[in-house]
């Protein structure tokens, strides 16, 4: 698989998951809430998507040539950029409402 093919497959997977599960930011906010409750530490949506990337990296150790692992990592990487942007904006708005710098 070429790098461009990998990115195209990741794009298709992200689009399909968006249809199936809704907005990725809202989805990972939900994952973060669940993991915060389960693990007893504050987990952000960015942390949650990072956790999924780590999961895929570990899976890749067991089967390094499995192509869907690389596609998944590329997809989660694209989601991370989107989620980080939304999370930072949301946190900035919350600080502004609280009167924090």
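Is it true that some residue in segment 20-37 is assigned to a loop (DSSP other than H, G, I, E, B) and buried (at least 17 other Cβ atoms within 10 Å of the Cβ)? Among the residues of segment 20-37, not one is assigned to a loop (DSSP other than H, G, I, E, B) and buried (at least 17 other Cβ atoms within 10 Å of the Cβ), which makes the answer no.
Here residue 64 meets each of (1) touching a helix residue (DSSP H, G or I) at 6+ places or on another chain (Cβ under 9 Å); (2) not in a helix (DSSP H, G or I) with one exception, condition (1). Of the residues making up segment 2-43, just one is on the phi > 0 side of the Ramachandran plot and more than 14 Å from the chain's Cα centre (by Cα), namely 40.
Since every read-out is calculated from the coordinates, none of them should be taken as a lab result. Keep in mind that what you see is a predicted model, and the values were worked out from it rather than measured. When we count neighbours, we look across all protein chains shown, and the Cβ atoms used for this are built from the backbone with ideal geometry, even at glycine.
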